[in-house]
Amino acid sequence: MQEHKGNKMENLEVVGLYKEYENEPLLTGVNFRVEPGETLCLLGRSGSGKSTILRIIAGIEKPDAGKVFWNGKDLVEVPTFKRNFGLMFQDYALFPHLTVAENVGFGLKMRGVSKSEMVKKVREALEQVNMSSFSERRVTDLSGGEQQRIALARALAPRPLLLMLDEPLAALDRALRVELQEELRDLLKKTGIPAIYVTHDQEEAIVVSDRLALLNDGRIVQCDQTEKVFQFPSTRWAASFLGMTNFIPGTVIETYPLRVRTDCGIFEAWNPAPGHPFSVDSPVTLLIKPKGVGFAADLSVPNHLSGLINRVQFRGDHYRLQVKLNSYVEMEFSSTVECIAGQKIFINLAPQDVIALKE
Amino acid sequence: MKKRFLFLALVLLSLVSCSPQSSQSTLTVMTHDSFAVSEDVVKAFETQNKVSLVFLKSGDTGTMLNRAVLTKDSPQADVLYGVDNTFLSRAIEEYIFEPYTSPLLVNVSEDFKENLAGKVTPINFGDVCINYDRQFFSSHNLAIPQTLDDLLKSEYGTSESGAPLLVVENPATSSPGLAFLLATIAEYGEEGYLEFWRGLKNNGVVVVNDWDTAYYTNFSASSGKGLQPMVVSYATSPAAEVIYASSPLTEPPTASILGVNTCFRQVEYAGILKGTKNLSMAQRFIDFMLDVQFQEDLPLQMFMYPVNQNASLPSEFEKYAQAADNPAVLDPALISEKRDQWINDWTEVMLP
Amino acid sequence: MNRIDLRGIGFKDSGIALWLFPLLLLLVFFFFPMGSIMAVMFSRTDIIDLGQIWHPLGFTVGQAVLSTILTLVAGLPAAFVFSRFNFPAKGFMRTLTMLPFILPTVVTAAGFNALLGPRGWINLALMDLLETSIPPVTFLNTFTAILVAHIFYNIAIVIRVVGSAWAQLDPRLEESAQVLGASPLRGLREVILPLLKRPILVSALLVFLFDFTSFGVVLMLGGPGFATLEVSIYTQALSLLNLRMAGILTLLQLTCTIGITIFYTKVSSNQTVPLFPRLQGEGTHLPRTWVQKVIVLIVMLFLFLLQVLPLCALAARSISRLEADRGERGEVKTGLTLDFYQELFINRQQSYFYVPPVRAMINSLFYAGVTMVISTAAGTMLAYAFVKKPWIKRWLDPLIMLPFGASAVTLGLGFIVAFNRPPIEAGSFPMLVPIAHSLIAMPFVMRTVHPAISSIPESLRQSAAVLGASPRQVWRHVEMPIIRRAFIASAVFAFTISLGEFGATSFIASPKNPTLPVAIYRYLSQPGAMNYGQAMAMATILIVICGISVWLLEKLQGEKYAGT
């Protein structure tokens, strides 16, 4: 395949991947695209088949059905070693018999790059990950974080057309993870190499990705720009997976504007997919964003709730409030103002803060 | 735990004491692996003499002799049986034998008693001869070769399909192989035998390491159904083919070439080992081996001929077994002196 | 199962009691006889012709190098297939590849003869096909036969040693290399082979050691044109009666093998034991692409042809009658028969030395059982001593390998010289056979049990002790369950080694108590179709018994790394 030239037209498309594992369906029709220069994050629980998708794109495994296209070209006949993709494994898979420099230079050597060129490119790659002084060390002597950087440098050195990272930070401790997330994002932006980043950690996904694809039950349930996914999760599963907790069932009573009757009153809600309108009397679940805490009703927004604070948790830069809305509905909200338990508060929500989810 | 150790120790001890050191006196006979004898013959000697016999089988003749030589300071047996005329002088040189002249030797032909100096007693003999596949020669209308010279003729070299007709054993690893080499030396003399072997080699001959390969793999009339219709074996092998046939045979599929000097007569001897504590019993056993009962038993057990002229042969022997009228003979002292050199010279010519 | 109370014999102290028993075995039953015979050999005045040394030495080294290379070439693909793929009959094929390793050469030679001899099945079929009376394939008494038989014997070592290391290798390393642009072959050369360098070297050295001391294969299959050092020792000592020359050759062979064993133990002891062995089946999968399917198929077909077919040919020979029709020469007719098996039970000549096959079988099984007890006890003690005191391993490890490399002929004569009076007397002392077998089995036991013992972290013993377990209870309830599989596997292995051993046994077994291999050899040394058939029948019985044992070994060991 051609060398990476930063061509803005280059894209990866995955269509209808189906794969069974030990007679259980693992992937049941996965579709997504990776656009030039962007980082797509595949987010899903462990065991949801994220790594398998990467292995299929890399050509290590074959799907039972479905295709992978690069610039519209079907890759089915292209063996792994001719795809010129990069894949960084969760446990790095560094070659224990080679030095740091030899590991980083491995991909270049396979492409028959000249010796002097290789030295230069290895040095560059090691500089990119701030590991220049390590080049002659044995990889078995490195710490986890150092190994991670070397694995990244090794994947980047041959300038792959596409970089795939499989839980690249999972083996590291939290502080290091936070530090490396930022570094990784900057590096991906700087090189302009499109990337697929697999993780189960939503914070990591927020930091690193341009777009987010949520994987559940063997398919992509939502794929959009990262902020949009967090703003408007499309299903109840997506919302809970992203850490959201305030749900309330209701019935549509009016479609435009969308109005929903619930046990806590009538809400004017937001339909994140205007192309698929709700019909009157259909059941719906509302996702209430944990915001809008005040001490009085704000009439500039249509939705109002009131309740008693049950419990207050200090969370560093904000407070987490558990609010009892009526005798059996409790929700969580966050506030920057200090509150005390037993206090009565109001919640004022714009339509965009009340999302109607399909079941 | 301790109990188990004790138990193990007891087992070990009991196994040690199993070794034949019982109250009845024993007579130990060292033999080669091919030694065989009927059960009732052994029993007969044991009851007559109130002694139990222990046979110490010690590998092939060379290994056995080595064993006797290496342990001559504390002999492991009272009697050694099975040393043959190709090894005899070596055995005598090592002074391992106690002289004994059995009264029963009167029944033995003078031919077997030369050069023995009363050290050992001849027991049996057999002729190492070329066996041939009768069916091959009749179906090819080929005359049976009568002399060693005949073997150099082209019709006995290779068949029309290119396979050599004769297989011989390596004299360095096989005793019939050595016996046949000695037959050629007896025929052509020390100066001429290598010339004969060169001729044989040019005419096409297969050399293998041991008798079982030659007989079972290469020989065409054995159950191996090999390619060579002639093999160096024993004159009694045709009889064995009948006795051990897998389906009853009325006549053997093989026969021996019994021309002048085509066979070498192997004589096997028994001797009393120096240092025995059972000298009189050992003498009695030598006498027993020369006596009719043992002598009549040995043909079917070992496919050898008895030396005792009074012993009658079993019917299968009368019918199928053959013995050479003019076997090749060499002086055991000469054999002992030149043996190694002959083998080495032969090896250089045949297996360069 | 025998259990050794390690505390009772001083495990807590210096550990001397642990290595004293194995060392005594080695001193009394190897160094003493070897030393005695060497002393006798060099005290003699036979004529020495140094010119007779170089030819066998050159041939020995040459054929060993060539055999080792070919065994590696044949064994590495098999190791790859066994460690990376699942396929039908995998376990069965693994079992069968192990079988040749323990069979006596008498049986192997008979098997190759039944398959490739002038009237072997292949030649019979070809002659029928080509309508000729001349067998088209010449195999016996060729250099090829030696090489093929050496591969037949030793490919199991490569499959076991390299295969288990390969199975432990993270498959992601191979995948990584491919993603980085290495073709499968390039990845093999740049990543896998360098990582497997040590196990490959270990197996190569072991194979070389076996090939270097090869005797039966060269004598029986190679024929008179070929002589290794061991064959020369045999002819010099037993045929030419030149003991001094035999001594010199023995010394030469021993020097070479000491070098090999020291190198071998050095290389193999640095082999790292993985802390977290990969789970069973991880990294193995069904062959996916057609290339993989073809590779698996070809390798299995090759192994089947090399390892299984000769044994099947032999078994087939034991139930068939080959009769050339008296009228038309060359036409060989076959028919099925069980006569040879029935005849085994009849003492037709009322021979004093007749041994019913059941008796030979019982002898073999008894010796194998005793060998198992002695060698597992000694081997496990050694393994403990080596774990406890690594410096003992450094000098004792090459020594226990020596019985492999020493001349069997010389050692056999040594037994005769050294043990010629009660209580230990060659030929009548029944323990000599299993002790000799134990010397051969002990290093295998040690090598199987040692990794298991050294994998037990000290913290496990300590926490058991804190929980109130006495050292003995720690051993019984903590260590034994962990090493149990390795322990049992090594015991079965010792058992099978004893079953198949022929060389040493032929020197020291008492004539009334032959083992199966010795009994087979007896039948082969008499003329007559019935004798040959009975030898084949008995060989088939031996193959079946060995097969069952190896199958047990496989079952007990699972996919875990094997010894050696």
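Taking segment B:298-335 on its own, how many of its residues are in a helix (DSSP H, G or I) and either over 17 Å from the mean Cα position of the chain (by Cα) or among the hydrophobic types (A, V, I, L, M, F, W, C) (or both)?
Step one: filter segment B:298-335 for residues in a helix (DSSP H, G or I), giving B:298-302, B:315-320, B:332-335.
From what's left, either over 17 Å from the mean Cα position of the chain (by Cα) or among the hydrophobic types (A, V, I, L, M, F, W, C) (or both): B:298, B:300, B:302, B:315-320, B:333-335.
Total satisfying the criteria: 12.
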Q. If residue C:205 satisfies every condition in (1) buried (at least 24 other Cβ atoms within 10 Å of the Cβ); (2) closer than 15 Å to residue C:65 by Cα but one, which is the exception?
A. (1)
Q | Matching residues in segment C:77-121 - criterion: being β-branched (Val, Ile, Thr) and within 14 Å of another protein chain (Cβ to nearest Cβ) | A | C:105, C:106, C:107, C:108
Q. Among the numbered criteria (1) modelled with pLDDT of 90 or more; (2) crowded, with 22+ Cβ neighbours inside 10 Å; (3) in contact with a strand residue (DSSP E or B) (Cβ under 9 Å, 6 or more places away or on another chain), which single criterion is violated by residue A:89?
A. (1)
Q: Please state which of the following conditions residue A:267 fails to meet, knowing it meets all the rest: (1) closer than 23 Å to residue A:304 by Cβ; (2) within 24 Å of the chain's Cα centre (by Cα); (3) not β-branched (Val, Ile, Thr).
A: (2)
Q: Would you point out which residue out of B:52, B:109, B:74, B:102 is among the polar types (S, T, N, Q) and either within 9 Å of chain C (Cβ to nearest Cβ) or touching a Cys at 6+ places or on another chain (Cβ under 6 Å) (or both)?
A: B:74
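What helices (runs of 4 or more DSSP H), lying completely within segment C:15-90, carry at least 1 residues that are surrounded by 14 or more Cβ atoms within 10 Å (Cβ to Cβ) and among the β-branched types (Val, Ile, Thr)?
In segment C:15-90, C:32-43, C:51-84 are the helices (runs of 4 or more DSSP H) which contain 1 or more residues that are surrounded by 14 or more Cβ atoms within 10 Å (Cβ to Cβ) and among the β-branched types (Val, Ile, Thr).
The rows are residues; the columns are (1) assigned to a helix (DSSP H, G or I); (2) surrounded by 24 or more Cβ atoms within 10 Å (Cβ to Cβ).
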{"residue": "B:181", "(1), (2)": "yes, yes"}
{"residue": "B:196", "(1), (2)": "yes, no"}
{"residue": "B:202", "(1), (2)": "yes, no"}
{"residue": "B:232", "(1), (2)": "no, yes"}
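Looking at B:266, B:295 in this structure, which one is in contact (Cβ under 8 Å) with a residue 12 or more places away in the chain, away from chain C (no Cβ under 14 Å) and in a helix (DSSP H, G or I)? Give the steps one after another, and end with the answer.
Working: B:266 fails: in a helix (DSSP H, G or I).
Residue meeting the stated conditions: B:295.
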Q: List the number of the failed condition for residue C:393; all other conditions in (1) part of a helix (DSSP H, G or I); (2) of a type outside the set (Ser, Thr, Tyr); (3) closer than 27 Å to residue C:522 by Cβ hold.
A: (3)
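Filter segment C:192-218 down to residues that are within 16 Å of residue C:67 (Cα to Cα) and either facing another protein chain (nearest Cβ under 10 Å) or touching an Asp or Glu at 6+ places or on another chain (Cβ under 7 Å) (or both), then give me how many there are. Before you say what the answer is, go through the steps one by one.
The first filter runs over segment C:192-218 and keeps only residues within 16 Å of residue C:67 (Cα to Cα), leaving C:200-218.
The next check asks that each one be either facing another protein chain (nearest Cβ under 10 Å) or touching an Asp or Glu at 6+ places or on another chain (Cβ under 7 Å) (or both); those that pass are C:213-215, C:218.
Matching residues across segment C:192-218 total 4.
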Q: Identify, by number, the condition in (1) within 14 Å of chain B (Cβ to nearest Cβ); (2) at pLDDT below 80 that residue C:319 doesn't meet.
A: (2)
Q | Residues within segment B:79-97 that are in contact with a Gly (Cβ under 9 Å, 6 or more places away or on another chain) and more than 23 Å from residue B:183 (Cβ to Cβ), tallied | A | 5
Q: Output the qualifying pairs, or none if there are none: Cβ atoms under 7 angstrom, residues six or more apart or on different chains, first residue in segment C:179-191 and at the interface with another protein chain (Cβ under 7 Å from one of its Cβ atoms) and over 12 Å from residue A:86 (Cα atoms), second residue small (Gly, Ala, Ser) and part of a helix (DSSP H, G or I).
A: C:191/C:177
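Restricted to segment B:90-117, and to residues that are among the hydroxyl-bearing types (Ser, Thr, Tyr) and under 19 Å from residue B:307 (Cα atoms), which residue is surrounded by the fewest Cβ atoms within 10 Å (Cβ to Cβ)? Before the answer, list the steps.
Step one: list which residues in segment B:90-117 are among the hydroxyl-bearing types (Ser, Thr, Tyr), which gives B:95, B:100-102, B:109.
Then keep just the ones that are under 19 Å from residue B:307 (Cα atoms); that gives B:100-102, B:109.
Working: B:100: 19, B:101: 14, B:102: 20, B:109: 11.
If we take residues in segment B:90-117 being among the hydroxyl-bearing types (Ser, Thr, Tyr) and under 19 Å from residue B:307 (Cα atoms), then B:109 is surrounded by the fewest Cβ atoms within 10 Å (Cβ to Cβ).
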Q.
Given the condition more than 30 Å from residue C:310 (Cα to Cα), within 10 Å of another protein chain (Cβ to nearest Cβ) and in contact (Cβ under 8 Å) with a residue 24 or more places away in the chain, answer yes or no: does some residue in segment C:137-154 qualify?
A. no
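Where in segment C:433-539 are the helices (runs of 4 or more DSSP H), entirely inside, with at least 1 residues that are in contact with a helix residue (DSSP H, G or I) (Cβ under 8 Å, 6 or more places away or on another chain) and more than 14 Å from chain B (Cβ to nearest Cβ)? Spell out the reasoning first.
Numbers: elements: C:458-466, C:471-474, C:480-500, C:503-508, C:516-524.
Helices (runs of 4 or more DSSP H) meeting the threshold: C:458-466, C:471-474, C:480-500, C:516-524.
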Q. Looking only at segment A:278-297, which residues are surrounded by 14 or more Cβ atoms within 10 Å (Cβ to Cβ) and of a type in the set (Phe, Trp, Tyr)?
A. A:278
**Q.** Subset of segment B:57-69 (residues that are more than 18 Å from residue C:502 (Cβ to Cβ) and surrounded by fewer than 22 Cβ atoms within 10 Å (Cβ to Cβ))
**A.** B:69
Q: Sort out which residues of segment B:70-89 are buried (at least 20 other Cβ atoms within 10 Å of the Cβ) and farther than 23 Å from residue B:26 by Cβ, and write them in order of number.
A: B:84, B:85, B:86, B:87, B:88
Q) List the pairs whose first member sits in segment A:105-117 and is assigned by TED's automatic domain parsing to the domain that holds residue A:127, whose second member is surrounded by fewer than 24 Cβ atoms within 10 Å (Cβ to Cβ) and not in a helix (DSSP H, G or I), and whose Cβ atoms are under 6 Å apart, counting only residues at least 6 apart or on separate chains? A) A:110/C:182
Q) Which condition breaks for residue B:123 when tested against (1) over 16 Å from residue B:256 (Cβ atoms); (2) in contact (Cβ under 8 Å) with a residue 60 or more places away in the chain; (3) within 13 Å of another protein chain (Cβ to nearest Cβ)? A) (3)
Q: Take residue A:217 and decide whether it is in the same structural domain as residue A:49 (by TED's automatic domain parsing), at negative phi, charged (D, E, K, R) and surrounded by fewer than 18 Cβ atoms within 10 Å (Cβ to Cβ).
A: no
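The values are calculated or read from the model by the stated rules, or taken from the named source; none is laboratory data. These numbers were taken from a predicted model, which means no experiment stands behind them. Cβ: placed from backbone, ideal geometry, glycine included. Neighbour counts: every protein chain shown.
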